[in-house]
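The values are calculated or read from the model by the stated rules, or taken from the named source; none is laboratory data. Note that the coordinates shown come from a computational prediction; the quantities given were computed from them, not determined experimentally. We place every Cβ from the backbone using ideal geometry, glycine too, and count neighbours over all the protein chains shown.
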Amino acid sequence: MNLRFYPIDLQLKHTFTISRGSRDVVPVVMTEIEHEGIIGYGEASPSTRYNETSESVMAFLGKVDLAQFEDPMNLDKILRYIESVELGNSSAKASIDIALHDWIGKKMNLPLWKWWGLDKEKAPVTSFTIGIDTLAGIEQKVNEAAYFPILKIKLGGPNDEEIVKRIRELTGKILRVDANEGWKTKEEACDKILWLERHGVECVEQPLPASDLEGTSWLREQVSIPIIADESVVNSSDINKLQYVFDGINIKLMKCGGLREAMRMIFAAKILGMKIMMGCMIESSVAISAAAQLSPLIDYADLDGNVLTSNDPFLGMRVNDGKIILDDHPGIGVVKAF
Ligand code: MG
């Protein structure tokens, strides 16, 4: 079994701003696992929020020796080894997990959703993300999102109310809000969320810093709409302590280490009665299409990272009026675009 990897820069259509900062280019690392003439594709989109960079991903992948394994079907054994190489590095690990799953699906000539026996009709509508911007920029992005019936608005900056008011003037679509830990006190978050409720916002993601579980638990008692954990939940080991703090969790392949762990998180959250969102980093169609394979199991999809880029090297997940379409292409369902 042969692992190859190479870095690429994903160019963004617009500068993307959240409460932590702005970006025009996102460095990612693409992986390929080749065995018996079949190539499985994977991708790592590292985030400095979780202590990774494209350099750290490349360094981690350089330490991985897959030649010792005879068969990609030995997923558990291979992923246990990957886990043992070094702590952390979850996006680098996800890039291998995704490539292995893609290889297995291609070998069986089945899309992953079919291999897992999921109901493709249950694939949800994905939201389209609108980063923090000037009012003119916001208006342009709302127009570009014409085919998406749900908008996810990034807040946590100085002009939150102004942004929401402008969007509400432009559209009556379902709105979700992501503060990315941007509100600094529980009182500020409470005032903002009560105001957002009156403007028809459906749910709020990560209002307070990840470690402020006490503040978030208080906040949840004061408001009616669901509060979803993102930065507070990395993998399945975090979920138990969040049961009475958040209403749901946002699972991302790049945080948790891949599809195998994402599936564990989905079932853990379901057992605890928590809602499930699947989100993404800025990433190409490879990682987005991989996450989409699990989407029949989730409540909210935020799988639009590829739509925000202008040089996606792959074609994969399609949407129809925002609804995720799961088709019969094997594995994660991607082909090279050029
Ligand atoms: Mg988020």
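One residue stands out among those in region 171-188 that are closer than 19 Å to R20 by Cα and among the small types (G, A, S): the one that is nearest to the ligand (Cβ to nearest atom), which is A179.
To keep it simple, each residue is scored yes or no on (1) at pLDDT below 95; (2) under 24 Å from the mean Cα position of the chain (by Cα); (3) on the phi > 0 side of the Ramachandran plot.
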position: Y6; (1), (2), (3): no, yes, no
position: H14; (1), (2), (3): yes, yes, no
position: G21; (1), (2), (3): yes, yes, yes
position: G37; (1), (2), (3): no, no, yes
position: S45; (1), (2), (3): no, yes, no
position: A59; (1), (2), (3): no, yes, no
position: K63; (1), (2), (3): no, no, no
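For region 290-297, does any single residue satisfy the condition of being within 16 Å of the ligand (Cβ to nearest atom), under 11 Å from the mean Cα position of the chain (by Cα) and either outside any strand (DSSP E or B) or more than 18 Å from W116 (Cα to Cα) (or both)? Checked against the condition, which is being within 16 Å of the ligand (Cβ to nearest atom), under 11 Å from the mean Cα position of the chain (by Cα) and either outside any strand (DSSP E or B) or more than 18 Å from W116 (Cα to Cα) (or both), region 290-297 yields at least one hit. Kindly establish whether L219 is surrounded by 18 or more Cβ atoms within 10 Å (Cβ to Cβ), more than 16 Å from the ligand (Cβ to nearest atom) and either closer than 24 Å to M281 by Cα or in contact (Cβ under 8 Å) with a residue 12 or more places away in the chain (or both). Considered against the rule, which asks whether it is surrounded by 18 or more Cβ atoms within 10 Å (Cβ to Cβ), more than 16 Å from the ligand (Cβ to nearest atom) and either closer than 24 Å to M281 by Cα or in contact (Cβ under 8 Å) with a residue 12 or more places away in the chain (or both), L219 comes out as yes. Across region 6-37, which residue is farthest from the ligand (Cβ to nearest atom) among those that are surrounded by 15 or more Cβ atoms within 10 Å (Cβ to Cβ) and acidic (D, E)? Filtering region 6-37 for residues that are surrounded by 15 or more Cβ atoms within 10 Å (Cβ to Cβ) and acidic (D, E), the one farthest from the ligand (Cβ to nearest atom) comes out as E34.
Pairing each residue of region 271-295 that is modelled with pLDDT under 95 with any residue that is among the aliphatic types (A, V, I, L, M) and more than 14 Å from the ligand (Cβ to nearest atom), provided the two are 6+ apart or on different chains, yields no C-beta distance under 8 Å. Only residues that are farther than 17 Å from I163 by Cα and without any contact (Cβ under 8 Å) to a residue 40 or more places away in the chain were counted across region 122-150, and they come to 1. Within region 36-60, residues that are farther than 17 Å from L87 by Cα reach partners that are of a type in the set (S, T, Y) and in a strand (DSSP E or B) with beta carbons closer than 9 Å, at six or more positions or on different chains, in the pairs G40/T31; Y41/T31; G42/T31; E43/T31. Looking only at region 222-244, residues that are of a type outside the set (S, T, N, Q), over 24 Å from S84 (Cα atoms), more than 16 Å from the ligand (Cβ to nearest atom) and touching a helix residue (DSSP H, G or I) at 6+ places or on another chain (Cβ under 6 Å) come to 1 in all.
Residues of region 106-120 that are without any contact (Cβ under 8 Å) to a residue 24 or more places away in the chain and of a type outside the set (F, W, Y): G117 alone.
Of all residues in region 157-195, those satisfying the criterion of being basic (K, R) and surrounded by fewer than 21 Cβ atoms within 10 Å (Cβ to Cβ) are K165, R166, R168, K173, K184, K186.
Of the residues making up region 67-91, those that are part of a helix (DSSP H, G or I) and in contact with a strand residue (DSSP E or B) (Cβ under 8 Å, 6 or more places away or on another chain) number 2.
Flag: S285 matches the condition of being under 26 Å from W116 (Cβ atoms) and surrounded by 24 or more Cβ atoms within 10 Å (Cβ to Cβ).
Only one of the numbered conditions (1) touching a helix residue (DSSP H, G or I) at 6+ places or on another chain (Cβ under 9 Å); (2) in contact (Cβ under 8 Å) with a residue 40 or more places away in the chain; (3) surrounded by 20 or more Cβ atoms within 10 Å (Cβ to Cβ) is not met by W103, and that is (1).
Of all residues in region 245-253, one or more are within 16 Å of the ligand (Cβ to nearest atom) and in contact with a Phe, Trp or Tyr (Cβ under 9 Å, 6 or more places away or on another chain).
Scanning for something within 16 Å of the ligand (Cβ to nearest atom) and at negative phi, does region 308-331 turn up at least one residue? Let's see the steps before the verdict.
Taking region 308-331 as the starting set, the residues that turn out to be within 16 Å of the ligand (Cβ to nearest atom) are 308.
Adding the requirement that they be at negative phi leaves 308.
Checked region 308-331: at least one residue is within 16 Å of the ligand (Cβ to nearest atom) and at negative phi.
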